[in-house]
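*Asks:* This is the structure I want to talk about, given as structure tokens.
The values are calculated or read from the model by the stated rules, or taken from the named source; none is laboratory data. Remember, it's a predicted structure, so these values are computed and weren't measured experimentally. Reconstructed Cβ throughout: ideal geometry from the backbone, glycine too, with neighbour counts over all protein chains shown. Heads up: the accessible areas ignore ligands, DNA and RNA and are worked out on the full protein's heavy atoms, side chains in. Shrake-Rupley method; radii C 1.70, N 1.55, O 1.52, S 1.80 Å.
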Amino acid sequence: MLLLPLILFLSRELCCPGEVMAAPGSRHPAAEEPPTFRMLQISSFANHSWARTLGLAWLGDLETHSWDWVVGTIRFLRPWSRGTFSKEEMKHIQALFQFYLHAFTRELPAYVSQFQLEYPFEVQIAAGCKIHAGKTSEFFLNGAYQGSDFLSFQGTSWEPSPGAGSQAQNVCKMLNRYRDIKEIVQTLLGYTCPRFLAGLLAAGRSELERQVKPQVWLSSGPSPGPGRLLLVCHVSGFYPKPVWVMWMRGEQEQPGTRQGDLLPNADGTWYLQVTLDVAAGEVAGLYCQVKHSSLGGHDIIIHWGRYSILLILICLSVIVTLVMLVVVNSWFEKQCSIWNHVSPHVPSTVFPMGANTQDTRSSGHPLCLAQESRIKKKFLEKWKKSLKQFW
């Protein structure tokens, strides 16, 4: 957060204003508000000689960049993470971050005594920008010390966070003395960042506009108490992240609905659990309703009672199928036994040359086995077709 005047002055030279400051030429095609580009820096200082910095960046909910502390380079985590910037522009941006992060961790300890900082401590900086539908943009920069809000850049000046105390006030007074610092922050975040964001939105359009329908199923959780049930609505595999899930009765939202954390799946989609604690005798008429952009306005609705009946029907179908397979297999074994018994009297043309007719009891008659395979396959196909009608 304590940006040295020399660091930011040189960073202006690294920004190559002749190229990076060109007017943006791309805009997000979707009608909805585009996502925010957000950068996070976490610098940990164990003592005067040891420090480590973690750098990450997101476009909305997608992590797009990270900082390789060992090599000192930007990791591009998506094929389109460079946006529409040229190689030369990205080279300058990377040099800027290399210079800034190295100087930040090297020079900040010199201010520890001046601003009464105590080891070990951690500094967090979140900065980024957002483009509105009307092509206007806004940016932000917030700093935290030991996990608490410390300062922010508001418009054209540094402002201490409410309750941050005299430490934050003193830091802001120092930073506000340097006009170069404020001009560079405004340029990088107010002009360069929106242009880079516009390029990301254009280059990553196919992934950002991806729509994946959710899968929804119900289950019961651990009993909350005597005579009560915990109904669980599982919603998985949906993208993008925004989703609306609620336990309903009629047209009324159930006030006891509790939503868990949105968790990422391995394929980049999302998973959510929504629960309802209800008396066992009051489950009639309850259903889980899911709204998501991928559904085109056709909400998913699953009734608790109907879901239970569906499970019963599926279980009965599986049991009946297993019984039928056992019966069919037994019938074919009897038929093949008859074929094996009469095979010595069957004309030789029935069997291929070289076939082993002495061991038919163990291997089964070829015609019998072929017929058995065809009938079993046809039976299974009909069963699968019937089972699909339940869904």
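*Asks:* Could you tell me the calculated FRET efficiency between GLU107 and ALA280, based on Cβ-Cβ distance and R0 = 51 angstrom, to the nearest 0.05?
*Replies:* 0.20
*Asks:* Give me the one-decimal nm value for the distance between modelled label points at ALA133 and LEU295, 7 Å along each residue's Cα-to-Cβ direction.
*Replies:* 2.3 nm
*Asks:* A follow-up question, please. Please give the peptides 69-82, 183-196 ranked by average Cβ packing (other Cβ atoms within 10 Å per residue), highest first, as a rough proxy for protection.
*Replies:* Top to bottom by mean Cβ count within 10 Å: 183-196, 69-82.
*Asks:* Give me the orientation-averaged projected area of the Cα convex hull of the stretch 128-209, in nm², one decimal.
*Replies:* Taking the Cα atoms of the stretch 128-209, their convex hull projects to 6.8 nm² on average.
*Asks:* Please work out the average accessible area per residue across the stretch 93-215, using the 1.4 Å probe convention, and give it in Å².
*Replies:* For the stretch 93-215, the solvent-accessible area averages 50 Å² per residue.
*Asks:* Between ASP261 and GLN94, how high is the FRET efficiency from 1/(1 + (r/R0)^6) when r is the Cβ-Cβ distance and R₀ = 41 Å? Nearest 0.05.
*Replies:* Computed FRET efficiency for ASP261 and GLN94 comes out at 0.75.
*Asks:* Now, a different point. Where a ≥ b ≥ c are the square roots of the eigenvalues of the C-alpha gyration tensor, would you call the stretch 182-234 rounded, which needs a/c under 1.5, or, failing that, prolate if a/b is larger than b/c, or oblate?
*Replies:* Since a/c reaches 1.5 but b/c is at least a/b, the shape of the stretch 182-234 is classed as oblate.
*Asks:* Taking 29 Å as the cut-off for C-alpha to C-alpha distance, list the pairs among LYS130/LYS291; LYS87/LYS130; LYS182/LYS241; LYS87/LYS182 that go past it.
*Replies:* LYS182/LYS241
*Asks:* Taking a spot 7 Å from the Cα of ASP68 along the direction of its beta carbon, which residues of the stretch 105-138 have an amide N less than 12 Å from it?
*Replies:* None, by backbone N distance to the label point.
*Asks:* Follow-up. Ignoring everything but the protein chains, give the 1.4 Å probe accessible area of LEU59 in square angstrom, nearest 10.
*Replies:* So the heavy atoms of LEU59 present about 0 Å² to solvent.
*Asks:* For the pair VAL212/ARG249, report the inter-label distance in nm, with labels modelled 7 Å from Cα in the Cβ direction.
*Replies:* 3.5 nm
*Asks:* Between TYR178 and GLN116, what is 0.36 nm times their sequence separation minus the Cα-Cα distance? Round to one decimal in nm.
*Replies:* Residue separation times 0.36 nm, minus the Cα-Cα distance, leaves 20.2 nm.
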